[in-house]
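Engineer: Got a structure for you, questions after.
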Amino acid sequence: MKLSKPKYIFVTGGVASSLGKGIISASIARLLQARGYTVTIQKLDPYINIDPGTLNPYEHGECYVTEDGTETDLDLGHYERFTSITTTHANNVTTGKIYKSVIEKERKGEYLGKTVQVIPHITDEIKRCIQFLGQTKQYDIIITEIGGTVGDIESLPFIESVRQLRYQLGYRNTALVHLTLIPYMAASGELKTKPTQHSVKALLENGLQPDILVLRTEHPLTKELRRKVALFCNVDPEAVMESIDVPTIYECPLRMHEQHLDDVVLEKLNIPADQEPDLESLRSFVDKVKHPSSTVDIALVGKYTELPDAYKSICESFIHAGAANDCKVRLHYVNSEKVNAGNAAELLGKMSGILVAPGFGNRGIDGKIEAVRYARENNIPFFGICLGMQCAVIEFARNVLGLEGAASVETEPSTPYPVIDLMEEQKGVTAKGGTMRLGGYPCTLVKGSHAAEAYGKQTVVERHRHRYEFNNDYLERFEAAGMRAAGLNPDTGLVEVVEIPSHRWFVGTQYHPEYKSTVRTPHPLFTSFVAAAMAYRDSK
Ligand code: GLN
């Protein structure tokens, strides 16, 4: 930490949702890091769930899991991928969490005699959660992204907390970045600034003046338009940034730097901009993403294929691994509900690699098992993650060990061969929120396995999110028939990785490697899987 006291940046959004506040927050963090400051990013989500762990991916996309085992918003994935910072439970706060903690305090009598109200009790709790990260003394700058759109009823207490904090901490110790949309009217060929003016007005009504505006647009903005927005929204013209669609999100920090966003932020926060940012590694990464030497086709078999956000971290891991291999991974989403023995060759035959995705429940499970069979029998590089690994085990049990009806007790509680069973500590757990096996656990890899070779080390820590596991009662039979446990939890003996050594590249992980892949350190298993797919492509 360089600064004696932490500074705070707030990021709000207006006009529409899904403008990419998470990417902008991560880009600012990346630039400030490049300037030599330590940064962390926090997301405040206005919904009432305690965390997104109980949400269907169709609601909010993927549920991201932190090292400390918190189920969080997918934006935390962007934060980690852009900056390599490790986030924790403190980096994602929901309305539900805030109310839970206030209500628990009320029951303990901490507000004895008082009426507990949104202001000051809820806003105080929100401010406490924001400042908590500052008090860790690990960060020069805390970036807090407020989910939702300004003007929503549910985000009001968060906006009010930001107003209070800016007043209390001082306007030179905080900065407010507001992200809006500049729509393009094709009929008149015009870009429109009015929605932006209105959303800044909505902020002003709540006592907040933005310092910096980031304008999302599909077309380049003229100087004139920027000046107009600056004038009507009371911001400096040089603090109006264009955020135009880019071929890869990892280009965002570079585009923002070209417009001096980092200088403007540092100026607003009254901190020195003495160190020129070192963005060389990011530039060369972006260059590799944009100009790959070749392409490889990989199928992602899952049941949420209509919504790519459901597999965000996996998609991003493939971008990192592709860059590491100087190759573009063309991902083909294959709906597992549509895969069967009759069409597997047609759907998967042209692929150089097959990944079976994580998931829950019965829907699409047969198609996933069929996809595994196709990959195994045709010696196509295969990667199974969590449920994908469990499907690989089930497929092997049924088709190699001949255990007819082998299954996971998750989908078939009365299976005669429960090769995937409920974990011991899960028996008796009925509550759904935050009760899975979550977060980082160690895994010891078997020497000579694909996994050990990929990682280049024997002990790794990877993140989990599951209730079921490989049933060790069957391990001997699996190993004798050619599927081995290539990674084990050193404390409990739980199987973490399965492999088929006679196969070109067949790896299943009970954990989720995709949560740990970043621009700086692409995940070794993804890198190795892509390399195997490229080698297979070349051999065809
Ligand atoms: N449904 C499986 C379990 O709970 C797999 C979970 C997952 O893929 N994340 O064990």
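The values are calculated or read from the model by the stated rules, or taken from the named source; none is laboratory data. Bear in mind that the values here come from a model prediction, so they are computed numbers and not experimental data. All Cβ positions, glycine included, derive from the backbone under ideal geometry; neighbour counts span all protein chains shown. SASA here: full protein model, heavy atoms, side chains in, ligands and nucleic acids out. Shrake-Rupley method; radii C 1.70, N 1.55, O 1.52, S 1.80 Å.
Engineer: Listed residues THR94, THR88; which is more than 18 Å from LYS21 (Cβ to Cβ) and either modelled with pLDDT under 95 or surrounded by 14 or more Cβ atoms within 10 Å (Cβ to Cβ) (or both)? Break it down into steps so the answer makes sense when it comes.
Structural biologist: Details: THR94 fails: more than 18 Å from LYS21 (Cβ to Cβ).
Only one candidate passes the filter, namely THR88.
Engineer: Can you name the residue in segment 471-494 that is part of a strand (DSSP E or B) and surrounded by fewer than 24 Cβ atoms within 10 Å (Cβ to Cβ) and, of all such residues, is farthest from the ligand (Cβ to nearest atom)?
Structural biologist: ARG484
Engineer: When segment 495-540 is examined, which residues are found to be under 26 Å from the mean Cα position of the chain (by Cα), away from the ligand (no atom under 16 Å from the Cβ) and farther than 26 Å from LYS288 by Cα?
Structural biologist: PHE506
Engineer: Let me ask you something else. Just to be sure I understand, how many residues within segment 199-226 are touching a strand residue (DSSP E or B) at 6+ places or on another chain (Cβ under 9 Å) and under 30 Å from SER161 (Cα atoms)? Before you say what the answer is, go through the steps one by one.
Structural biologist: Keep residues of segment 199-226 that are touching a strand residue (DSSP E or B) at 6+ places or on another chain (Cβ under 9 Å), which gives 199-200, 203, 208-222, 225-226.
Among the residues that remain, those that are also under 30 Å from SER161 (Cα atoms) are: 199-200, 203, 208-217, 226.
The qualifying residues number 14.
Engineer: Test each condition in (1) touching a strand residue (DSSP E or B) at 6+ places or on another chain (Cβ under 6 Å); (2) within 16 Å of the ligand (Cβ to nearest atom) for GLY364 and report the one that comes out false.
Structural biologist: Single failed check for GLY364: (1).
Engineer: Given the conditions (1) part of a helix (DSSP H, G or I); (2) on the phi > 0 side of the Ramachandran plot, which single one is not true for ASN270?
Structural biologist: Result: ASN270 fails condition (1) only.
Engineer: Now for a different question. Being surrounded by 16 or more Cβ atoms within 10 Å (Cβ to Cβ) and touching a residue at least 40 places away in the same chain (Cβ under 8 Å): is that true of LEU191 here?
Structural biologist: no
Engineer: Out of THR144, THR149, THR123, I need the residue that is in contact (Cβ under 8 Å) with a residue 40 or more places away in the chain and in a helix (DSSP H, G or I). Which one?
Structural biologist: Numbers: THR144 fails: in a helix (DSSP H, G or I); THR149 fails: in a helix (DSSP H, G or I).
Only one candidate passes the filter, namely THR123.
Engineer: Moving on to the next point. Here's a check for you: in segment 409-433, which residue that is among the polar types (S, T, N, Q) and closer than 26 Å to THR72 by Cβ is farthest from the ligand (Cβ to nearest atom)? Break it down stepwise before answering.
Structural biologist: Within segment 409-433, the subset among the polar types (S, T, N, Q) is 411, 414-415, 426, 430.
Applying the additional criterion that residues be closer than 26 Å to THR72 by Cβ yields 426, 430.
Working: GLN426: 9, THR430: 14 Å.
Looking at the filtered set, the residue picked out is THR430.
Engineer: On the basis of being surrounded by fewer than 20 Cβ atoms within 10 Å (Cβ to Cβ), hydrophobic (A, V, I, L, M, F, W, C) and in contact (Cβ under 8 Å) with a residue 60 or more places away in the chain, does LEU133 make the cut? Write out each step before concluding.
Structural biologist: Working: surrounded by fewer than 20 Cβ atoms within 10 Å (Cβ to Cβ): no; hydrophobic (A, V, I, L, M, F, W, C): yes; in contact (Cβ under 8 Å) with a residue 60 or more places away in the chain: yes.
No.
Engineer: Further question on the same structure: Kindly establish whether GLY428 is over 22 Å from THR521 (Cβ atoms), in contact with a helix residue (DSSP H, G or I) (Cβ under 7 Å, 6 or more places away or on another chain) and at pLDDT below 95.
Structural biologist: On the way: over 22 Å from THR521 (Cβ atoms): yes; in contact with a helix residue (DSSP H, G or I) (Cβ under 7 Å, 6 or more places away or on another chain): no; at pLDDT below 95: yes.
No.
Engineer: Of all residues being away from the ligand (no atom under 13 Å from the Cβ) and open to solvent by less than 10 Å² (accessible area, probe 1.4 Å) in segment 384-398, which is nearest to PRO358 (Cα to Cα)? Just the residue, please. Break it down stepwise before answering.
Structural biologist: As a first pass, look at segment 384-398 and keep what is away from the ligand (no atom under 13 Å from the Cβ): 395-398.
With the extra rule that they be open to solvent by less than 10 Å² (accessible area, probe 1.4 Å), the set shrinks to 395-397.
Numbers: GLU395: 16, PHE396: 18, ALA397: 19 Å.
Checked segment 384-398; the qualifying residue nearest to PRO358 (Cα to Cα) is GLU395.
Engineer: Of the residues LYS516, LYS540, only one is of a type outside the set (A, V, I, L, M, F, W, C) and modelled with pLDDT under 95; which?
Structural biologist: Of the residues listed, the single one that is of a type outside the set (A, V, I, L, M, F, W, C) and modelled with pLDDT under 95 is LYS540.
Engineer: To continue, here is another question. Could you check LYS350 against (1) within 16 Å of the ligand (Cβ to nearest atom); (2) assigned to a loop (DSSP other than H, G, I, E, B); (3) of a type in the set (Lys, Arg) and say which number it fails?
Structural biologist: (1)
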